[in-house]
1. Can you give the percent of C-alpha pairs in the chain whose distance is more than 29 Å?
2. Restricting to Cα pairs below 8 Å that are 6+ residues apart, what does the relative contact order work out to for the range 202-321? Please round to a whole percent.
3. Hey, what angle do you get for helix 71-81 against the long axis of the chain, alpha-carbon based, 0 to 90 degrees rounded to 10?
4. So in the chain, what percent of DSSP beta bridges are antiparallel if you round to the nearest 5?
5. Looking at the chain, how many pairs of lysines come closer than 14 Å at the Cα, when each pair is eight or more places apart or spans two chains?
6. So what's the angle, to the nearest 10 degrees on a 0 to 90 scale, between helix 13-27 and the longest Cα principal axis of the chain?
7. Angle check, please: helix 213-224 long axis (alpha carbons) against the longest principal axis of the chain (alpha carbons), in degrees 0 to 90, nearest 10.
8. Can you give me the convex hull volume of the Cα atoms of the range 202-321, divided per residue and expressed in Å³?
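Read the figures in this text as sums done on the coordinates, not as results from a lab. Remember, predicted model here, so these are calculated numbers, not experimental data.
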Amino acid sequence: MKIWMILGSKEKLSTGAEMLAAARQIGEDRSACPTFVFPFGDGAQQAKDFAALGADVQIFAPGGKGDDLTPEGALFCLRACMAPGKEDFVLMPDAAMWRAVAPALAFHLEAAFAAGIRALRWEGEELFLGRQTWSGRRLAWLGLRGGPGVFTVAQGAFLPGERGEKSGSITSFAPLIPGGESRFCGEEPGAGVALGLKEARIIVAAGRGVGGPEGLDLLGKLATHLPGSILGGSRPVCDCGWLPYDRQIGETGADVAPELYLACGVSGASQHLVGMGRSGLVVVVNKDPAAPFFRHGDVGIVEDLGAFLPRLLEVLAEEKKK
Ligand SMILES: Cc1cc2nc3c(=O)[nH]c(=O)nc-3n(C[C@H](O)[C@H](O)[C@H](O)COP(=O)(O)OP(=O)(O)OC[C@H]3O[C@@H](n4cnc5c(N)ncnc54)[C@H](O)[C@@H]3O)c2cc1C
């Protein structure tokens, strides 16, 4: 059985040790050979440290510095060296970058995908994967018959075992990469860089009531009138792909505390409220006077967004001309 553990070259040794513990649990009695892979490696010392844990280490030879690691670059490299039907399990840290890489790699490998694994156990040929739900109050088990599977492993969930008596081997690999090659060319701060949800003074939150990308576009225009503001959204808005997941607010999204929270077409489900409860002034716009959010707002506006937003934008534009 082949188990790959994918890491960035800046990853801590403790992260690798925990992943190795998870890999060993998956591989128990199944003649598994867990191997660390650094899609872009530059540290010989780091490779030695990880090999000392007792697993083999592979470094992607033509990789640049660890700073160059991007989800696209890592995926590009991993797709070049992993083939559908050949790999059993691939583990990655449960960090933002790897959560972007893992589902795409699973798709490439035609493998199952699970994020944030905190516990593992085999029952016969079925591998059970435990992950937190309800803000950590419950552990949900997913069953996977056989493989292959790509998982992200929650930090602090697996107890690193004893170091192996022998160090693992260190090899570098340079897969043939078909087609074009992309490379990281640096980054720079720019005027267009959005404020993060956590830093924003004002959050304009979109709910399913905005109706779709056009409604969201109106909210985007509203945000341009409010300096220091950013668009956020409820889970359905992100599930529909109207906003990226890093803009989701709530139990399974971000916990925010802006000075002003403007909720547009958000019903006020408890899972959303839990993420914005520390906000300052809360303004709620909803066409349903019975929407639960009104009980948690400072200012409530019962209006249809389709009529309200264009009129509000007109008023703001007129104000700007004065
Ligand atoms: C385990 C779990 C975790 C979850 N985590 C999160 C989370 O992190 N964040 C989150 O947001 N949700 C989360 N949810 C989902 C949550 O339960 C709700 O389903 C979700 O918040 C509802 O989103 P919404 O208010 O945008 O949509 P809806 O519930 O569909 O509400 C839409 C609202 O828009 C109003 N509306 C419709 N049309 C208009 C219009 N033209 N003008 C004005 N108002 C209009 C409606 O009256 C309604 O109140 C989670 C659920 C579960 C089970």
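1. Counting pairs separated by more than 29 Å, the tail of P(r) holds 49 percent.
2. Worked out over the range 202-321, it gives 24 percent.
3. 30
4. Beta bridges within the chain, antiparallel portion: roughly 25 percent.
5. So the count of such lysine pairs works out to 6.
6. The angle comes out near 70 degrees.
7. Between the helix axis and the principal axis of the chain, the angle is about 80 degrees.
8. 90
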